[in-house]
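Written below as structure tokens is the structure these notes are about.
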Amino acid sequence: MSHRLFRKKSVDQILHDTQKEGGTGLAKVLGVTDLVSLGIAAIVGAGIFSTIGLASYEGGPAVSLLFVFTAFACVFTALAYAQFASTVPVSGSAYTYAYVAFGELFAWIIGWALVLEYAVSNTVIAISWSQYFVSMLEGFGLHIPAWLSMAPGYAYDAVDKMNQHGAAALTAIDQHGLDAFNSAPRIGGLPIIFDLPAGVITFLVTWLVYIGIKESQKASMVMVMIKVAIILAVIFGGIFFIKPENWTPFAPNGLKGVLGSVAAVFFAFIGFDSISTTAEECKNPQRDLPKAMIYCLLICTVLYVAITMVLTGMVNYTELNVKDPLAFVFKYVGFDHMAGIISVTSVIAITSALLVYQLAQPRIWMTMSRDGLLWKKFATIHPKYKTPSFATIVTGLVVAIPSLFFKMDFFVDLTSVGTFFAFILVCAGVLYMDYSGLSAKSKFKVPYINGKYLVGAGLLIAIVLIFSYAQETIQEWKSLSILEIIEHKMLVIIFWLTWLGLSIYSFKMNFSLLPVVGILINLYLMTELGASNWIIFVIWLVIGLAVYFMYGYKHSKLNKQAQV
């Protein structure tokens, strides 16, 4: 049985299966410009218009360095994705790559993780879009009833706070929730409260994705042009309002404050994965996908760093704990006209991110279905629109229903766990490709730097630096019991053990340095995520393994071929 769990698909077999199914029926219409547009749409979305404010509030101006560090991590991951995309130019992204490198069980796990990742990410984006949309309408004097524009949890929280602490303790947000509770229509005494705008935008974007990849790309291109223009306007317009004293202190909460925002920052960079899901709709995927990934990384990193420096230069970081930081800073300096323009544009920007993520998830389900691991209905291609129709409809429901009724807080911390997991497996997959000789089939290869001595040397240097400059961290570890270390520091232990293992194998097998660095950086960033994220993620994986063993293991095409 263990042999069957790790059965692999060869590159030739994947390409043959794709062609045997009539080229899958997907329309090949995307070029480099289209892919870059989709990538920017995914990466420069809710993050730059929303979570960048909270990140700046927690880390100060030094958050700009976190974007540089995150981009540095993504360089290695993007190169690894590019090599896989040039070798296996089919839909499925990290799921397909894991099938080639590690076998069926790992492929299922990463595919199942990406299902959660895209669903959670899009739910967060849909709820964020609703908040911006409601605020924008209020700017024009139009008001959506409170009970039609929020999750019921917010209203119930406001009522509980009112009952426990009185009206004086209510914030403006709490008062809005209380208004929703009091004004909502009732059925059997229960108030009817839901976030209608979040559900409507999910429906409209799903419809656009359903009717065609080219239509989706055109809409994305227009929205990307608008939002990049407004971001550049913020950068160049904001320069005139910068006060250098706002950049001091540069890192008010130290390294911990900066790294504490890593989940909010890294959330955006799943855009690399979403580009690779469109491989079968590219005109020349082996040439265009690697270029698009690198271009997207460079463009988006420059935009994120520049906007962070401008925001923290215009306004002191302590003022940036707001949901609409770009509009807020211009209101703060008295430029209300610009603030209004940004509020409208942010709705467009977040819509484009929603579109790309909604485009990606059905293609992962479609690929898993082709392999027999999911119900074959998910692989259905619409005869007219040439899109995975059934998978797209299911994706719309999976995102729309939670966005109607759940609070954003429930989802936001889960947005990075699956991304890190996928990125680590893709980087590790390149090491396997080099070892097995699959890299010979790659049209694009990660530049080879022999890590024989460098990986181990880096480990020794890191240990020396910790004992020399991180005595507080050492004292913290000494103060913890064994159980507390297992509960709170297990991922850190795994990180150091992984580095040790990679040092040994790099010495023995001459591993390429860049994929190893990608693995270590992504794994380190994972240690900064909260324990609750991992508990929910593990529960999701347990459910996924149950589905696999009840359905996927038996219906897998590789399993059927082995029985012939």
Exercise. All but one of (1) open to solvent by 50 Å² or more (accessible area, probe 1.4 Å); (2) assigned to a helix (DSSP H, G or I); (3) closer than 19 Å to Ala113 by Cβ hold for Glu528; which doesn't?
Worked result: (2)
Exercise. Does segment 123-163 hold any residues that are surrounded by 15 or more Cβ atoms within 10 Å (Cβ to Cβ), out of contact with any Leu (no Cβ under 7 Å at 6 or more places or on another chain) and outside any helix (DSSP H, G or I), and which are they?
Worked result: Met150, Ala151
For this session: Report yes if Phe405 is open to solvent by 50 Å² or more (accessible area, probe 1.4 Å) and touching a Pro at 6+ places or on another chain (Cβ under 7 Å), otherwise no.
Result: yes
For this session: Starting from segment 166-191, take each residue that is free of Cβ contacts under 8 Å to residues at least 12 places away in the same chain and list its partners that are not in a helix (DSSP H, G or I), counting only C-beta distances under 7 angstrom and pairs at least six apart or across chains.
Result: Arg186/Ile192
Exercise. Could you say whether any residue in segment 420-439 is closer than 21 Å to Trp540 by Cα and either open to solvent by 40 Å² or more (accessible area, probe 1.4 Å) or more than 24 Å from the chain's Cα centre (by Cα) (or both)?
Worked result: yes
Exercise. Does Glu58 satisfy the criteria of being open to solvent by less than 10 Å² (accessible area, probe 1.4 Å), among the charged types (D, E, K, R) and over 18 Å from Phe423 (Cβ atoms)?
Worked result: no
For this session: State whether the residues of segment 209-219 include one that is at pLDDT 85 or above, on the phi < 0 side of the Ramachandran plot and either touching a strand residue (DSSP E or B) at 6+ places or on another chain (Cβ under 6 Å) or open to solvent by 30 Å² or more (accessible area, probe 1.4 Å) (or both).
Result: yes
Exercise. Which of the residues that make up segment 221-242 are open to solvent by less than 40 Å² (accessible area, probe 1.4 Å) and under 16 Å from Ser37 (Cα atoms)?
Worked result: Met223, Val224, Lys227, Val228, Ile230, Ile231
Problem set entry | Residues that are polar (S, T, N, Q), open to solvent by less than 40 Å² (accessible area, probe 1.4 Å), part of a helix (DSSP H, G or I) and closer than 16 Å to Tyr432 by Cβ, drawn from segment 487-517 | Ser506
Exercise. Quick one: in segment 228-258, which of the residues that are outside any helix (DSSP H, G or I) and of a type outside the set (D, E, K, R) is nearest to Gly313 (Cα to Cα)?
Worked result: Ile242
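Yes/no per residue for (1) under 17 Å from the mean Cα position of the chain (by Cα); (2) at pLDDT below 80; (3) at positive phi; (4) buried (at least 24 other Cβ atoms within 10 Å of the Cβ):
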position: Ser2; (1), (2), (3), (4): no, yes, no, no
position: Gly31; (1), (2), (3), (4): no, no, no, no
position: Leu38; (1), (2), (3), (4): yes, yes, no, yes
position: Ala41; (1), (2), (3), (4): yes, yes, no, yes
position: Tyr99; (1), (2), (3), (4): no, no, no, yes
Problem set entry | Criterion violated by Ala353 - all others in (1) assigned to a helix (DSSP H, G or I); (2) open to solvent by 20 Å² or more (accessible area, probe 1.4 Å); (3) under 30 Å from Asn316 (Cβ atoms); (4) not β-branched (Val, Ile, Thr) satisfied | (2)
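The values are calculated or read from the model by the stated rules, or taken from the named source; none is laboratory data. It should be emphasised that the depicted structure is a prediction, and the values quoted were computed from it without experimental measurement. Cβ: placed from backbone, ideal geometry, glycine included. Neighbour counts: every protein chain shown. To get the accessible areas, we keep the full protein, side chains included, count just its heavy atoms, and leave off ligands, DNA and RNA. Shrake-Rupley method; radii C 1.70, N 1.55, O 1.52, S 1.80 Å.
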